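The values are calculated or read from the model by the stated rules, or taken from the named source; none is laboratory data. Values in this document were obtained by computation on a predicted structure and should not be read as measured data. All Cβ positions, even for glycine, are placed from backbone atoms using ideal geometry, and neighbour counts span all protein chains on display. Areas reflect the complete protein model, heavy atoms only, side chains present, ligands, DNA and RNA absent. Shrake-Rupley method; radii C 1.70, N 1.55, O 1.52, S 1.80 Å.
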Amino acid sequence: MKAINEMKVTFPSRSSNESFARSVVASFVAQLDPAVDELVDIRTAVSEAVTNCIVHAYPDNIGEVTIVARIYPTGRVVIKVRDKGIGIENIEQAMEPLFTTGGEERYGLGFSVMDSFTDKLKVTSKKGKGTVVTLEKYISMRQRQAKQF
Amino acid sequence: MAVRIESSGEGMTAFLTGEIDHHTARQIRETVDAAVEKSKPKNLYLDFSEVGFMDSSGIGLIMGRFKLIQHYGGRLTVTGTSERIAKIISLAGLERLDIFNNAQ
Ligand SMILES: Nc1ncnc2c1ncn2[C@@H]1O[C@H](COP(=O)(O)OP(=O)(O)OP(=O)(O)O)[C@@H](O)[C@H]1O
Ligand SMILES: [Mg+2]
């Protein structure tokens, strides 16, 4: 199925962009008239994925973070968060609840949050090349029937 | 300001405001830790009632302060957590800790 709308944004991996990243995706998804909770789910999941790029993908330097979001006629939203950082060697282990390489202030919860706040989570990664996190969320129909889709 | 600190005979309360993510958590952590290390309160309260957004960085923030105050022999109490924040706390499996007190 073809996407009916698409956005793409690229920004440097500075922590001050975390709030920008979740806001820009939320603003884009707002055209589907999501419920408040659905929007907070998306904001939270995007925040986790982007923070991981900033904290883990580029531990010692600033690199590019790219977000592509697509909306499909059924109300499905697909969000890809991509970095060209260090990559993840063992994805299965990384996704285990409470697994972290992040030290004292990290709790290893990011992937668990992404998983529970979206309908589908996919991670692909190549060591030394980077990581792509794909988040999918269905926005319920609610008032959307009234609009022209 | 993402955090405001008030002290009384009871202990120290850090009122957190706005959005808690990896970026803002750093500033909150530095402010709270400096205040705790200075006055080593018996009780530290983290008040979340003015927090509009929190991701997993908030869990790191809570647990880091938990360890710090335990190091000084004090107690941590977390108050004012919304349903959203409670959901993340329970994902972390932390609701069993006796630091959460929403009746406060
Ligand atoms: N984009 C990425 N690039 C490289 N490694 C990553 C990336 N995302 C996640 N990881 C690895 O996966 C681990 C688990 O990530 P997750 O988000 O679940 O927890 P965390 O970031 O360590 O802690 P928290 O999200 O609770 O602050 C990380 O510690 C890191 O080792
Ligand atoms: Mg994370």
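Okay, here's what the table says:
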| quantity | calculated |
| --- | --- |
| Hey, A:E105 more than 8 Å from ligand 1 (Cβ to nearest atom) and acidic (D, E) or not | no |
| Segment A:69-89: number of residues that are within 14 Å of chain B (Cβ to nearest Cβ) and either within 11 Å of ligand 2 (Cβ to nearest atom) or assigned to a loop (DSSP other than H, G, I, E, B) (or both) | 0 |
| Every residue from segment A:117-133 that is closer than 22 Å to B:F53 by Cα, open to solvent by less than 60 Å² (accessible area, probe 1.4 Å) and either within 12 Å of ligand 2 (Cβ to nearest atom) or not aromatic (F, W, Y) (or both) | A:T118, A:L121, A:V133 |
| Failed criterion for A:S140 (all others in (1) more than 8 Å from ligand 1 (Cβ to nearest atom); (2) facing chain B (nearest Cβ under 9 Å); (3) open to solvent by less than 60 Å² (accessible area, probe 1.4 Å); (4) out of contact with any strand residue (DSSP E or B) (no Cβ under 9 Å at 6 or more places or on another chain) hold) | (2) |
| Positions within segment B:26-51 being outside any helix (DSSP H, G or I) and small (G, A, S), in sequence order | B:S49 |
| Search result, residues across segment A:74-98 that are open to solvent by 30 Å² or more (accessible area, probe 1.4 Å) and either in contact with a Lys or Arg (Cβ under 6 Å, 6 or more places away or on another chain) or without any contact (Cβ under 8 Å) to a residue 40 or more places away in the chain (or both) | A:E89, A:N90, A:I91, A:E92, A:Q93, A:M95, A:E96, A:P97, A:L98 |
| Only listed residue being under 12 Å from the mean Cα position of the chain (by Cα) and either closer than 24 Å to B:R65 by Cα or assigned to a helix (DSSP H, G or I) (or both), chosen from A:A26, A:A30 | A:A26 |
| Selection count, segment A:99-108, where residues are touching a residue at least 24 places away in the same chain (Cβ under 8 Å) and within 9 Å of chain B (Cβ to nearest Cβ) | 2 |
| Filter pass, A:G102 being open to solvent by 20 Å² or more (accessible area, probe 1.4 Å) and modelled with pLDDT under 95 | yes |
| Some residue of segment A:65-73 being away from ligand 1 (no atom under 16 Å from the Cβ), surrounded by 14 or more Cβ atoms within 10 Å (Cβ to Cβ), hydrophobic (A, V, I, L, M, F, W, C) and at negative phi | yes |
| Matching residues in segment B:20-48 - criterion: being within 14 Å of chain A (Cβ to nearest Cβ) and buried (at least 21 other Cβ atoms within 10 Å of the Cβ) | B:I20, B:D21, B:H22, B:T24, B:A25, B:I28, B:V32 |
| Any hit, segment A:39-57, residues being surrounded by fewer than 16 Cβ atoms within 10 Å (Cβ to Cβ) and either modelled with pLDDT under 95 or more than 13 Å from the chain's Cα centre (by Cα) (or both) | no |
| The listed residue being of a type in the set (D, E, K, R), over 25 Å from A:K126 (Cβ atoms) and not in a loop (DSSP other than H, G, I, E, B), out of A:E92, A:E48, A:E38, A:E105 | A:E38 |
